[in-house]
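The structure appears below as structure tokens.
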Ligand SMILES: Nc1nc2c(ncn2[C@@H]2O[C@H](COP(=O)(O)OP(=O)(O)OP(=O)(O)O)[C@@H](O)[C@H]2O)c(=O)[nH]1
Ligand SMILES: [Mg+2]
């Protein structure tokens, strides 16, 4: 899974990227480069299974993040934005970082702290960036140069154009599977699900308040966007402390979960993702799939041979194992299940695939 981090200049995107990926990219404003990094998705279930099996390798799920330069007011209209947005167009989801901290040492390009204004401005920039692509493509198709191979492409793009011109999101309507296929390669920014992150100052962590909080919450609610609060710089600084000190600091500030824990949870919920696990002496590992994936297809995640030669899945739910403490007890209680290829995988299934090739 890949998540793109976008926002206005100096919103704290690179700081957030560093926090999530435990990276050390310099936060110099105005640098026109994108950064790619990955984060392991913390999962207490994997910690538990790894303690139990003491495997040679423990592999957590991963999320890839791409951090791009700030979108300044009017930058999409000037062109050039589409070059550095390439990495975000391939993303499954977008984090919109809005600045909700005051700091005279970090000038706010809009002159004041106002997260809703920034969220709206950002949407406009993303929208223009999509519109530029849509219009160019329509022009080419109408000029008869290309696109004869897919007759649905032009009408679908016209629909996009209409949506964008009325300031909507391409992702706001239910496209037919054919339309979705026609749109897929474009990676439109306003088609992707959004998670809004308010980047607040240190003081906001303990007061649980920040400039423009009520308005931003209302904005997120009416648009049905998940809203998280992160203090990127503070949490990043704390994350570099030795373990004991770090926990004490976080407790003092009332931060009970790391930034990546909160973000991963929001992203999994929003994208309808769940995890299943494979365990053994060699490896304990988390796998990410969509809700509603059948056992046979899930097996293909592990290896295409296992999918092809699928016989059955032996399944124990993580909760049963945790509660009972051993696989032997789980069997005793009759909670060890054999499932066929059409079984719909559940979050927390521990699986052993039987296969034959
Ligand atoms: N006071 C304060 N400063 C912050 C916070 N988060 C980020 N900053 C500072 O704001 C400045 C800009 O942060 P960056 O992470 O580089 O912001 P950016 O969105 O990546 O900026 P561009 O890439 O230039 O668009 C840096 O000096 C950060 O240390 C915060 O929560 N509080
Ligand atoms: Mg940056």
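Yes/no matrix, rows are residues, columns are (1) away from ligand 1 (no atom under 16 Å from the Cβ); (2) within 30 Å of residue 230 (Cα to Cα):
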| residue | (1), (2) |
| --- | --- |
| 83 | no, yes |
| 99 | no, yes |
| 142 | yes, no |
| 153 | yes, no |
| 171 | yes, yes |
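Among the residues of the range 89-111, the ones that are at positive phi and either surrounded by 15 or more Cβ atoms within 10 Å (Cβ to Cβ) or not assigned by TED's automatic domain parsing to the domain that holds residue 70 (or both) come to 0 in all. Of the residues 317, 258, 326, which is assigned by TED's automatic domain parsing to the domain that holds residue 38 and under 26 Å from residue 57 (Cα atoms)? Result: 258 is the single residue among 317, 258, 326 that is assigned by TED's automatic domain parsing to the domain that holds residue 38 and under 26 Å from residue 57 (Cα atoms). When 216, 196 are screened for being in contact with a helix residue (DSSP H, G or I) (Cβ under 6 Å, 6 or more places away or on another chain), within 20 Å of residue 21 (Cα to Cα) and buried (at least 21 other Cβ atoms within 10 Å of the Cβ), only 196 passes. For the range 45-57, the criterion of a residue being under 30 Å from residue 117 (Cα atoms) and touching a residue at least 12 places away in the same chain (Cβ under 8 Å) is satisfied by no position. Among the numbered conditions (1) surrounded by 15 or more Cβ atoms within 10 Å (Cβ to Cβ); (2) more than 18 Å from the chain's Cα centre (by Cα); (3) closer than 30 Å to residue 326 by Cβ, the only one that residue 51 does not meet is (1).
Checked against (1) near ligand 2 (Cβ under 9 Å from one of its atoms); (2) part of a loop (DSSP other than H, G, I, E, B); (3) touching a residue at least 60 places away in the same chain (Cβ under 8 Å), residue 5 passes all but condition (2). One residue stands out in the range 338-349 among those that are farther than 15 Å from residue 290 by Cβ and out of contact with any helix residue (DSSP H, G or I) (no Cβ under 6 Å at 6 or more places or on another chain): the one that is surrounded by the fewest Cβ atoms within 10 Å (Cβ to Cβ), namely 342. Considered as a group, the residues in the range 25-45 that are more than 13 Å from ligand 2 (Cβ to nearest atom) and either outside any strand (DSSP E or B) or at pLDDT below 90 (or both) include one that is surrounded by the most Cβ atoms within 10 Å (Cβ to Cβ), and that residue is 41. The one condition from (1) more than 21 Å from residue 15 (Cα to Cα); (2) surrounded by fewer than 19 Cβ atoms within 10 Å (Cβ to Cβ); (3) at pLDDT 90 or above that residue 79 does not meet is (3).
Right, residue 116: within 12 Å of ligand 1 (Cβ to nearest atom) and in the same structural domain as residue 218 (by TED's automatic domain parsing) or not?
So residue 116 does not fit the description; no.
With a requirement of 2 or more residues that are under 26 Å from the mean Cα position of the chain (by Cα) and modelled with pLDDT of 95 or more, the helices (runs of 4 or more DSSP H) lying completely within the range 261-357 that satisfy it span 295-302, 318-324. Under the condition of being in contact (Cβ under 8 Å) with a residue 60 or more places away in the chain and surrounded by fewer than 19 Cβ atoms within 10 Å (Cβ to Cβ), the residues counted in the range 230-257 number 1.
When the range 100-157 is filtered for residues that are away from ligand 2 (no atom under 16 Å from the Cβ), in contact (Cβ under 8 Å) with a residue 60 or more places away in the chain and not in a helix (DSSP H, G or I), the ones remaining, listed by number, are 100, 102, 110, 113, 114. Considering 11, 61, the condition of being within 10 Å of ligand 1 (Cβ to nearest atom) and surrounded by 17 or more Cβ atoms within 10 Å (Cβ to Cβ) is satisfied by 11 alone.
The values are calculated or read from the model by the stated rules, or taken from the named source; none is laboratory data. Here the structure is a predicted model, which is why all the values come from computation and not from measurement. Cβ sites come from the backbone with ideal geometry, for glycine too, and all protein chains shown count toward neighbours.
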